[in-house]
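Working notes, structure below.
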Amino acid sequence: MRAALRDEEFCVFYQPQVNHHGMVVGAEALVRWFHPVKGMVSPGQFIPLAEETGMILSLGQWVLRTACLQLADWEHKPGFNQLTIAVTGSAKQIYQNDYVERGLRVLEETGANPARLKLELTESMLLQDIEDIIVKMTLLRRRGISFSLDDFGTGYSSLAYLKRLPLDQLKIDQSFVRDLLTDPNDNEIAKTIVTLAESLNLNVIAEGVETMAQRDRLAVHGCFTYQGYLFGRPVPIEDFSLSVFD
Ligand code: C2E
Ligand code: CA
């Protein structure tokens, strides 16, 4: 994997995030590995390995840099300069002592506008040393970066923790969106997450939206930002750029 990073076998794909009018408001950056022999390896296969080996540190830093270079490029392009990019973080990264410095350095070196950068953290990452994480998030947020809680609802976050975390957004996990219309429990959970977000003054986005019916149900619950195949799959930057004005 180390050689793959050096040999530029990794690539960042972008998946649109849209508002209720279907307008693209940003993208999630999702890493892809094009292996010369195996072809495309899915992140589900190599991310756990990267976490285990510690490679996630250099890979994650590379994804962050690539996304920030993209933001810097968009900064002067009308129609693109309002778009945000969400980058998924890993626990190993946030527990590094110099997590904040690394983040700020990438912003400085790339010239990206921090207000356009969103970092996605997962619940499971936040289980240890919450005080340390709050400090780090607060420092980055002061520079304008925002934070979204990925896969929300799948972990065990205590509401007391949730209240203390300096978050901007909750992301409803795709497992709840999938059966939203057929499983009353999932419907109820999605609804509850939206209510929770409202009461904590957070934005909410749903991922894995594949049908209009799911989108409409989410809207009934008060969720107006979406990501999913209905609006676009993760694609190379050239294709993403073309889709923004569709
Ligand atoms: P995630 O962060 O929860 O990303 C969302 C996943 O859902 C992506 O899979 C995306 O392609 C997929 N998805 C989006 N819309 C739909 C939909 O409508 N239906 C369905 N069935 N799936 C949808 P992907 O790209 O294979 O990534 C899988 C996971 O790999 C990510 O889950 C994330 O945990 C990890 N990952 C990907 N890129 C990175 C990265 O740069 N850094 C880190 N640390 N993890 C990453
Ligand atoms: Ca994510």
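See the values below:
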{"item": "With at most 16 neighbouring Cβ atoms within 10 Å, loop GluC sites (Glu not before Pro) (DSSP) excluded, longest segment of the chain", "result": "76-209"}
{"item": "Estimated FRET transfer efficiency (residue 159, residue 229; beta-carbon r; R0 45 Å; 0.05)", "result": "0.90"}
{"item": "Accessible area of the stretch 30-119 belonging to carbon and sulfur atoms, whole % at 1.4 Å probe", "result": "56"}
{"item": "Coarse-grained scattering of the chain at q = 0.09, 0.10, 0.17 Å⁻¹, given as base-10 log I(q)/I(0) from a Debye sum over alpha-carbon atoms", "result": "-0.38, -0.47, -1.44"}
{"item": "Length-normalised contact order for the stretch 1-148 - Cα pairs under 8 Å, 6+ apart - percent", "result": "20"}
{"item": "Magnitude of the charge dipole, the stretch 1-104, Cβ model with Lys/Arg +1 and Asp/Glu -1, debye to 20", "result": "120"}
{"item": "Whole-number accessible area per residue in Å² for the chain, which is evaluated in the context of all protein chains at 1.4 Å", "result": "49"}
{"item": "Exposed trypsin sites (Lys or Arg not before Pro) absent: longest stretch of the chain, with sites in DSSP loops and at most 15 other Cβ within 10 Å deemed exposed", "result": "39-142"}
{"item": "Inter-label distance, nm, simple model (7 Å from Cα along the C-beta direction), residue 62/residue 131", "result": "3.7"}
{"item": "222 nm mean residue ellipticity, helices alone, for the chain (DSSP H n ≥ 4; -39,500 (n - 2.57); rounded to 500)", "result": "-13000 deg cm²/dmol"}
{"item": "Share of carbon and sulfur in the accessible heavy-atom surface of the stretch 170-246 [1.4 Å probe, %]", "result": "51"}
{"item": "Amide H partners (placed H, <5 Å) of residue 210, local residues excluded", "result": "230"}
{"item": "Sequence-distant residues sharing a close amide H with residue 25 (under 5 Å, placed H)", "result": "17, 18, 19"}
{"item": "Length added when fully stretched, residue 2-residue 199, from 0.36 nm per residue minus Cα-Cα", "result": "66.5 nm"}
{"item": "Equivalent ellipsoid, the stretch 142-203 (semi-axes from 5 times Cα gyration tensor eigenvalues, Å)", "result": "23, 12, 10"}
{"item": "Sequence of 7, 168 when ordered by accessible area, the most exposed leading, probe 1.4 angstrom", "result": "7, 168"}
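The values are calculated or read from the model by the stated rules, or taken from the named source; none is laboratory data. Please read all numbers here as calculations on a predicted model, not as lab measurements. When we count neighbours, we look across all protein chains shown, and the Cβ atoms used for this are built from the backbone with ideal geometry, even at glycine. Keep in mind that these areas ignore ligands, DNA and RNA; they rest on the heavy atoms of the full protein, side chains included. Shrake-Rupley method; radii C 1.70, N 1.55, O 1.52, S 1.80 Å.
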